[in-house]
């Protein structure tokens, strides 16, 4: 592989660009964006070697689509139209069902690989790109059997070389489980932030009382609405299910408090301490 | 001040011991605990110089009570009974109304200072004690006017010297605002952990999908139920109010999703991004 095209040079696209270039200095990283300002920033940060447009994709060995998932669904068929027979298109979206569906009958389906690198921060845009973001991180690959073997082999080596651990999953299972493991955390954090801001907005001093615990729990509420709104839209059914279960659990906790059943409150927390083992098993 | 007695040599008591000793090598740090094993650990970690019992408190220049808030309410009057006229007792509890109330008519009330250092981690016990935990952290002082001036002056200098910034607040305001800024975060995190564990307990592999966002948001669910149950019990009314508002906000978000009102979903998140400014203003 020689010519890599990255559509959307933000946190994920830009961070992929940094690590791929570091491992493969001979590769040429081309950036594509709706906004020229983004490409200029990406150039000035040395994330990309060259600016490009969608019409250049015929020269691509690999195209990485790392834009919001609604834009991916709209753009992906066009990108796949333009890819050469020996080129591969991958996406990095946080949903997989709608993205896989929009290309399921595309004549170049075998030139597409659906993936979701579970990596990121609450920041976005080219300035948020950082080296080594993917070291030890899980990269979920969906419908791997639908991608031409030689193409997936090269791409997966590229991603393994920058530290990713591949896991294979079907899109329906991906979207169902990621709703619990990622999407719900974002909503719980956004609504925590909203609750506190609504209450305390006239008492700025009060935020001096915020400790590292609050900062950690509310961190995801800094995330980009441009990125997250389409994720929640595409994964609506699963996300609503997680929210319903979360609200039931919170309401139950509140009722236990109202009933002064603090033995049960203790047990709720004790049982959930099991999350320690889970988090220790991560990474 | 020469002889410092710390009742409860855990995360907070132990971390205070480390920094106070470092700044004041001539002071002698005495540890008091219900459990001798805790004191032995604290000795072996050099958190304390000596083991002591409640009967030794008559020799104390300063007693720091850093035990769960229910135990503080029970023990504080006895500790205050034993303190000398020139000694000071401070507590480090996460609630302030019940603690101030239990000593309001105590003959030695002027030998007590109510405080809440907003510092900590999700870990507990003497092994969790770390240096510099309090650098730049807020220390809330309640009813400062009820403490003898000479005693508060010495103690506050000691705490300022280890990096704390003092803020003065009445106990009712403390308990009301801390419910939003700290207690709610803990419940949102515990219930997030519970929701995910309940759903995924039979699919351990799924936790490979957890990213740093989930880890951050669920971190507080590792916290000690022994410490947090009495906090929720003492601050029941305020905590229930925060939970009700949080549940209303989550339910509203869910309803917007059900109605496909993703413009409103976008705005909910955009408005809450304001938390960036708040968190940047911290520390």
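Yes or no, residue by residue, for (1) in the same structural domain as residue A:20 (by TED's automatic domain parsing); (2) over 15 Å from residue A:92 (Cβ atoms); (3) surrounded by fewer than 23 Cβ atoms within 10 Å (Cβ to Cβ):
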site: A:130; (1), (2), (3): yes, yes, yes
site: A:155; (1), (2), (3): yes, no, yes
site: A:160; (1), (2), (3): yes, yes, yes
site: A:185; (1), (2), (3): no, yes, no
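Residues of the range A:274-283 being facing chain B (nearest Cβ under 7 Å), part of a helix (DSSP H, G or I) and surrounded by fewer than 20 Cβ atoms within 10 Å (Cβ to Cβ), which ones?
Matches in the range A:274-283: A:276, A:279.
Please specify each residue of the range A:32-45 satisfying the condition of being touching a residue at least 24 places away in the same chain (Cβ under 8 Å) and either farther than 18 Å from residue A:76 by Cβ or assigned to a helix (DSSP H, G or I) (or both).
Across the range A:32-45, the qualifying residues are A:38, A:39, A:41, A:42, A:45.
Name the residues in the range B:107-123 that are on the phi < 0 side of the Ramachandran plot and in contact (Cβ under 8 Å) with a residue 40 or more places away in the chain, would you?
The answer is B:110, B:111, B:113, B:114, B:115, B:116, B:117, B:118, B:119, B:121, B:122, B:123.
With the requirement that a residue be more than 7 Å from chain B (Cβ to nearest Cβ) and either assigned to a helix (DSSP H, G or I) or buried (at least 22 other Cβ atoms within 10 Å of the Cβ) (or both), what does the range A:224-241 give you?
A:226, A:227, A:230, A:231, A:234, A:235, A:237, A:238, A:241
Residue A:216 - would you say it is surrounded by fewer than 21 Cβ atoms within 10 Å (Cβ to Cβ) and facing chain B (nearest Cβ under 7 Å)?
So residue A:216 fits the description; yes.
Would you be able to say whether some residue in the range A:94-103 is assigned to a loop (DSSP other than H, G, I, E, B), surrounded by fewer than 16 Cβ atoms within 10 Å (Cβ to Cβ) and not assigned by TED's automatic domain parsing to the domain that holds residue A:225?
No, every residue in the range A:94-103 fails to be assigned to a loop (DSSP other than H, G, I, E, B), surrounded by fewer than 16 Cβ atoms within 10 Å (Cβ to Cβ) and not assigned by TED's automatic domain parsing to the domain that holds residue A:225.
Filter the range A:257-273 down to residues that are in contact with a helix residue (DSSP H, G or I) (Cβ under 9 Å, 6 or more places away or on another chain) and loosely packed, with under 15 Cβ neighbours inside 10 Å and give me whichever is farthest from the other protein chains (Cβ to nearest Cβ).
A:261
Being surrounded by 16 or more Cβ atoms within 10 Å (Cβ to Cβ) and farther than 16 Å from residue B:116 by Cβ is the filter; apply it to the range B:136-153 and report the residue that is nearest to the other protein chains (Cβ to nearest Cβ).
The residue in question is B:151.
Which one of A:226, A:244, A:200 is without any contact (Cβ under 8 Å) to a residue 24 or more places away in the chain, over 24 Å from residue B:237 (Cα atoms) and outside the structural domain of residue A:128 (by TED's automatic domain parsing)?
After ruling out the rest, the residue left standing is A:244.
Which number in (1) assigned to a loop (DSSP other than H, G, I, E, B); (2) more than 20 Å from residue B:186 (Cα to Cα) marks the one condition that residue B:123 misses?
Here residue B:123 meets the rest and fails (2).
Taking the options A:187, A:178, A:197, name whichever one is at the interface with chain B (Cβ under 7 Å from one of its Cβ atoms) and closer than 23 Å to residue A:16 by Cβ.
From the options A:187, A:178, A:197, the qualifying one is A:178.
Regarding the range B:12-27, can at least one residue be identified that is crowded, with 17+ Cβ neighbours inside 10 Å, assigned to a loop (DSSP other than H, G, I, E, B) and in contact with a helix residue (DSSP H, G or I) (Cβ under 6 Å, 6 or more places away or on another chain)?
Taking every residue of the range B:12-27 in turn, none turns out to be crowded, with 17+ Cβ neighbours inside 10 Å, assigned to a loop (DSSP other than H, G, I, E, B) and in contact with a helix residue (DSSP H, G or I) (Cβ under 6 Å, 6 or more places away or on another chain).
Just checking, how many residues over the range B:102-129 are more than 12 Å from chain A (Cβ to nearest Cβ) and within 18 Å of residue B:6 (Cβ to Cβ)?
The qualifying residues number 10.
The values are calculated or read from the model by the stated rules, or taken from the named source; none is laboratory data. As the structure is a computational prediction, the values presented were derived from the model and not from experiment. In this analysis, Cβ positions are derived from the backbone assuming ideal geometry, glycine residues included, and neighbour counts consider all displayed protein chains.
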